[in-house]
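Working notes for the structure below.
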Amino acid sequence: MGIKKISIESIKNGSKSNKMWDQDTAQGALVPIASVNLNQNVTLNFGNIPQTYQDLMIIINGHYNNSGVLVMDDFNNGAPTCSFTSLIGTGSAASSERLTSNGGALPVSTAASPMIANVNSFIIHILNYTNSNTFKTVISRKASDNNGSGTTSLQVGLIQTTSPLSYFKFSTQNGANFFTSGVATLYGIKAGA
């Protein structure tokens, strides 16, 4: 059994193999679906989500005006029960938080690990979002920083609906709290062949 050689000519002339070079079709490729420029946003809405990917990923990098929370809600314009477990670090202490039955909203930051008035970054991964037989698992990471002080958190959550997700939004839950600048981008993650 030999090792397959890659042609140097194919690299020089730009031709590519779907299995190795094509970032849009390779398994695990992140394909941008939608972006929102943040400017006094209290909500971030993502609708008409294509049902052609394996997972979804949302990356939010933005400045926030206040201390507050961010939740995912209005899943397919509904309010399924959500639960989560969170690990939180402040640089000087570690803690955990658990919520077993929250009506209609999945927190991605909480009072124990809030967004702060400065830089806040999130990576939120929704697994198997088109599956019609299972609840939807969400893994999220958050980092908030204001000149060296802030919080980080790692969270796993469950959206208790078997419906494929085609719409959801993020909400600051308070009209006085909003993103002042930044970008939120929704990506689809390609499934294997």
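Restricting to segment 60-94, what's the tally of residues that are assigned to a strand (DSSP E or B) and either farther than 17 Å from residue 152 by Cα or of a type in the set (Lys, Arg) (or both)?
Here is the first cut: in segment 60-94, the ones assigned to a strand (DSSP E or B) are 60-64, 68, 70-73, 75, 78, 81-89, 94.
Among the residues that remain, those that are also either farther than 17 Å from residue 152 by Cα or of a type in the set (Lys, Arg) (or both) are: 72-73, 75, 78, 81-83.
So the count comes out to 7.
Is it the case, given these coordinates, that residue 172 is closer than 19 Å to residue 74 by Cα, of a type outside the set (A, V, I, L, M, F, W, C) and modelled with pLDDT of 95 or more? Before the answer, list the steps.
On the way: closer than 19 Å to residue 74 by Cα: yes; of a type outside the set (A, V, I, L, M, F, W, C): yes; modelled with pLDDT of 95 or more: no.
It is false that residue 172 is closer than 19 Å to residue 74 by Cα, of a type outside the set (A, V, I, L, M, F, W, C) and modelled with pLDDT of 95 or more.
Condition first: in contact with a Leu (Cβ under 7 Å, 6 or more places away or on another chain), closer than 30 Å to residue 27 by Cα and surrounded by 19 or more Cβ atoms within 10 Å (Cβ to Cβ). Now tell me which residues in segment 137-172 satisfy that.
Those that are in contact with a Leu (Cβ under 7 Å, 6 or more places away or on another chain), closer than 30 Å to residue 27 by Cα and surrounded by 19 or more Cβ atoms within 10 Å (Cβ to Cβ): 138, 153, 157, 159, 170.
In segment 170-185, how many are under 19 Å from the mean Cα position of the chain (by Cα) and part of a loop (DSSP other than H, G, I, E, B)?
3
Hey, does segment 155-162 have a residue that's of a type in the set (A, V, I, L, M) and assigned to a loop (DSSP other than H, G, I, E, B)? So that I can check it myself, show each step before the final result.
At the first step, the residues of segment 155-162 found to be of a type in the set (A, V, I, L, M) are 156, 158-159.
From the residues that got through so far, the ones that are assigned to a loop (DSSP other than H, G, I, E, B) too are none.
Checked segment 155-162: no residue is of a type in the set (A, V, I, L, M) and assigned to a loop (DSSP other than H, G, I, E, B).
Which of the residues belonging to segment 95-116 are surrounded by fewer than 17 Cβ atoms within 10 Å (Cβ to Cβ), assigned to a loop (DSSP other than H, G, I, E, B) and touching a Ser or Thr at 6+ places or on another chain (Cβ under 8 Å)?
104, 112
Taking residue 175, is it at positive phi and either crowded, with 16+ Cβ neighbours inside 10 Å or not hydroxyl-bearing (Ser, Thr, Tyr) (or both)?
No; evaluated as a whole, the condition is false for this residue.
Is it fair to say residue 144 is of a type in the set (S, T, N, Q) and either farther than 19 Å from residue 96 by Cα or assigned to a strand (DSSP E or B) (or both)? Break it down into steps so the answer makes sense when it comes.
Values: of a type in the set (S, T, N, Q): yes; either farther than 19 Å from residue 96 by Cα or assigned to a strand (DSSP E or B) (or both): yes.
Yes.
The values are calculated or read from the model by the stated rules, or taken from the named source; none is laboratory data. What you are looking at is a predicted structure, and each value in this text was computed from that prediction instead of being measured. When we count neighbours, we look across all protein chains shown, and the Cβ atoms used for this are built from the backbone with ideal geometry, even at glycine.
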